[in-house]
Amino acid sequence: MAIPPSLGNLTNLFYLFLYENQLSGSVPEEIGYLWSLTELALSTNFLNGSIPASLGNLNNLSLFSLYENHLSGSIPPEIGDLTNAKVFYAFSNELYGPIPAEIGKMKSLQNLSINTNNLFGLIPKTIGNLTEFKLLDLYVNQLSGPIPSEWGTLKKLNDLLLSYNQLSGPIPSELGKLKKLSDLLLSYNQLSNPIPSELGKLQKLNDLGLSNNQLSGPIPKIGYLMSLTELVLSTNSLNGSIPASLGDLNNLSYLHLDWNLLSGPIPAELGKMKSLQNLSLHSNNLSGLISNELGNLKKLNHLGLSNNQLFGPIPSVLWNLKNLNHVALSNNQLCGPIPSELGNLINLNALALSNLTVPIPSSFGNLRNLHGLFLSDNNLTTEGIPLFICNLTSLVWIDLAGNNLKGEIPQCLGSISGLLVLRMSDNNLSGEIPLSICNLTSLRRLVLARNNLMGEIPQCIGNMSGHLWNLDMQHNYLSGTLPITFNNGCALQLFNLNDNELEGRIPQSLANCTDLLFLNLGDNRLKDTFPTWLGTLRSLVVLRLRLNNNLNGEIPSTVGSLENLRILDLSRNNLKGAIPQCLGNMLRLKVLDMQHNNLSGTFKSTFSIGNCYFTSFNLYGNKLDGRIPRSLANCQRLEVVDLGDNLLNDTFPMWLGTLPKLQVLSVRSNKLHGPIRTSRFIKNLFSKLQIIDLASNAFTEELPVNLFQNLEAMKSVNQTLNESSNTGDGYY
């Protein structure tokens, strides 16, 4: 139902409240004829179109509410004529364009909220004229430029909310004059420079949010902000130590300083913050011991200290904090045992510990509310995976990777029905993969890589592809054939079975996995022709079928349909025939490795300037003939070109010397002939080259001295390298 334009005839109307209905259509211009109107509320409907300029005629309007609709277009400059309006709410719409400078004429305005729109451009300085302001809410837009220093005159301002924009420059020190400010939220912008010390004068400040900017320098003295309940400075470049004076903030409940460059110890004074519930200091450079005083934080429910340089034992007093539901201490240098008292934290939802050499205490079985168990990269001395983990039926994430766990994968893990992630890679697990894994109907990631697992992959794992995103079982001793039951609706994005002992064919049912990004079946014993149906996997970014796969036949032209492919590795197989010309159309391809096959004929693909992103081009050990493709000179990012051990019949490709990043050039064992000549007109040829191999060709005359004088990268030796970084079994 639309708003009838005839409402504009009610010229004596004082109040028009149509909020929280299902009104649609545009706002009638005729409403602008309601000269007596003092309050207009059209919020929470389905109104669309623009805000009529005629509404600027409502000189008596004190409340103007349009929020939660689908209004679009710009805010009309006529809005500035509403000089008696105290409240203007238009948040959660689809408004775009700049904020009109005329808004600065609304001298009575106290509350302005236009968040969650598509407004862009500079914030008008004229807002500084609105001295009655109490609320200025512009967050979640695309506003850019600096925060106007003129806002220091807004003495009555309580809330300044500018988060989630593109504001840049420093935080104006003039904001320190806003003595009534209770909420200052500037997170998720591009603000830079140090935090002004003047903010430490805002005695009534409750919430200070400056996270996700580019702020630098030390944390200023803000220990006098006794009203502060939330201090969020995460994800900046703040350095120096954590001020001990923060411990005086008795009302603080949230302290987030994570993802900065803070160093030094965690001040023991933080233990005085009796109201603290959430302490997040992870991802800094903090060092020293974890203070016992943190055990005084009786209300603490979240403790995040991961990714620092803390050392020593974990204080046992932490396990007396009964309200803890999240503990993250991983990626430090902590030592000592995990005390059995940890099992008393019955409210614990997430636990992350690493770098410990300890057994898993059986008291873990009491943590029935645990959702996330993150014990990767320890040296757990437990012989096998403890069976009591199966009692933790609330778990959604188990990460036991990077330990010394031995034995078999327990069958009972299949009873944790809500499990989303099971990661047990980089252990010494042995035996077969239990069939009960297939009972995990919510599982998204199954990572069992780099263990000693053997036997066949359960065929039922193919049936899990409807919900499984990542399946990684690389570097084991798995044998038999691949699962063949990848059905329609397959959700797989990563499928990695590299370096096993798998046999048979690549199942055609993988064609149902149209979201697949990464497919690695290399280093196995598969025997098949190159699957033509792989061309239907249009999302594929990495395709590796290399080494010990007895792939034979020709490479089909359908491979050219893989328009998103970055890495194509078909090396060390028995592929034959010509290289498809369509490779020149694969514009995102960075690594092409087809070495050690039986490919023949000439290379007919052409690469155009600006559309070639190769970094490695390796066709070594084939039967290619003809000339080296001249269009390789258009691939300006090439670092490796290896065309050795073929039948190429050409002169030396001096034109490759213009490639600015080329480090490896091998043309050995071909039929290259004639003299090697440089040009006196082209300088700095092969300036980054570190390896050049010209052996076993038919070059004549002397090698040109000036060629070797250009090889600047060979004139210095990196003493930190034990061996050349351009050797090995990878892509050089």
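The values are calculated or read from the model by the stated rules, or taken from the named source; none is laboratory data. Just so it is clear, the structure is predicted and the values come from calculations on it, not from any experiment. Ideal geometry is used to build each Cβ from the backbone, glycine not excepted, and the neighbour counts take in all protein chains shown. Note: areas computed on protein heavy atoms with side chains; ligands, DNA, RNA excluded. Shrake-Rupley method; radii C 1.70, N 1.55, O 1.52, S 1.80 Å.
What are the residues in the range 468-514 that are among the aliphatic types (A, V, I, L, M) and loosely packed, with under 15 Cβ neighbours inside 10 Å, if any?
Step one: filter the range 468-514 for residues among the aliphatic types (A, V, I, L, M), giving 468, 471, 473, 478, 482, 484, 491-492, 494, 497, 502, 506, 510-511.
Once the filter is applied, which keeps residues that are among the aliphatic types (A, V, I, L, M) and loosely packed, with under 15 Cβ neighbours inside 10 Å, the range 468-514 yields only 484.
Quick check: anything in the range 312-326 assigned to a strand (DSSP E or B), open to solvent by 20 Å² or more (accessible area, probe 1.4 Å) and either in contact with a Cys (Cβ under 7 Å, 6 or more places away or on another chain) or hydroxyl-bearing (Ser, Thr, Tyr) (or both)? Yes, there is a match, as at least one residue in the range 312-326 is assigned to a strand (DSSP E or B), open to solvent by 20 Å² or more (accessible area, probe 1.4 Å) and either in contact with a Cys (Cβ under 7 Å, 6 or more places away or on another chain) or hydroxyl-bearing (Ser, Thr, Tyr) (or both).
Per the listing 287, 216, the residue uniquely farther than 24 Å from residue 135 by Cα, in contact with a Phe, Trp or Tyr (Cβ under 9 Å, 6 or more places away or on another chain), part of a strand (DSSP E or B) and in contact (Cβ under 8 Å) with a residue 12 or more places away in the chain is 287.
Against the test of being open to solvent by 20 Å² or more (accessible area, probe 1.4 Å) and in a strand (DSSP E or B), the options 263, 245 yield a single qualifying residue, 263.
Of all the numbered requirements in (1) open to solvent by 20 Å² or more (accessible area, probe 1.4 Å); (2) modelled with pLDDT under 95; (3) touching a strand residue (DSSP E or B) at 6+ places or on another chain (Cβ under 9 Å), residue 125 misses one, and that requirement is (3). The residues on offer are 409, 398, and the sole one that is crowded, with 17+ Cβ neighbours inside 10 Å, touching a residue at least 24 places away in the same chain (Cβ under 8 Å) and either within 25 Å of the chain's Cα centre (by Cα) or outside any loop (DSSP other than H, G, I, E, B) (or both) is 398.
Of all positions in the range 379-388, at least one carries a residue that is within 19 Å of residue 359 (Cα to Cα), open to solvent by less than 10 Å² (accessible area, probe 1.4 Å), assigned to a loop (DSSP other than H, G, I, E, B) and not hydroxyl-bearing (Ser, Thr, Tyr).
Confirm whether residue 437 is under 26 Å from residue 463 (Cβ atoms), part of a helix (DSSP H, G or I) and out of contact with any strand residue (DSSP E or B) (no Cβ under 6 Å at 6 or more places or on another chain).
On the way: under 26 Å from residue 463 (Cβ atoms): yes; part of a helix (DSSP H, G or I): yes; out of contact with any strand residue (DSSP E or B) (no Cβ under 6 Å at 6 or more places or on another chain): yes.
Here the answer is yes, as residue 437 does meet what is asked.
For the range 446-463, check the following and say yes or no: at least one residue is farther than 20 Å from residue 372 by Cβ, in contact with a helix residue (DSSP H, G or I) (Cβ under 9 Å, 6 or more places away or on another chain), assigned to a loop (DSSP other than H, G, I, E, B) and without any contact (Cβ under 8 Å) to a residue 60 or more places away in the chain. Within the range 446-463, one or more residues are farther than 20 Å from residue 372 by Cβ, in contact with a helix residue (DSSP H, G or I) (Cβ under 9 Å, 6 or more places away or on another chain), assigned to a loop (DSSP other than H, G, I, E, B) and without any contact (Cβ under 8 Å) to a residue 60 or more places away in the chain.
In the range 354-368, how many are touching a Ser or Thr at 6+ places or on another chain (Cβ under 6 Å) and under 18 Å from residue 326 (Cβ atoms)?
Looking only at the range 354-368, we keep the residues that are touching a Ser or Thr at 6+ places or on another chain (Cβ under 6 Å), and these are 354, 359-361, 363.
If we keep only those that are under 18 Å from residue 326 (Cβ atoms) too, we end up with 354.
Matching residues across the range 354-368 total 1.
Would you say residue 569 is touching a residue at least 12 places away in the same chain (Cβ under 8 Å), touching a Gly at 6+ places or on another chain (Cβ under 8 Å), among the acidic types (Asp, Glu) and open to solvent by 50 Å² or more (accessible area, probe 1.4 Å)? Walk me through how you get there before you give the answer.
Working: touching a residue at least 12 places away in the same chain (Cβ under 8 Å): yes; touching a Gly at 6+ places or on another chain (Cβ under 8 Å): yes; among the acidic types (Asp, Glu): yes; open to solvent by 50 Å² or more (accessible area, probe 1.4 Å): no.
No: the conditions fail for residue 569.
Residues considered: 704, 660. Of these, the only one that is in contact with a Lys or Arg (Cβ under 9 Å, 6 or more places away or on another chain), farther than 25 Å from residue 626 by Cβ and surrounded by 13 or more Cβ atoms within 10 Å (Cβ to Cβ) is 704.
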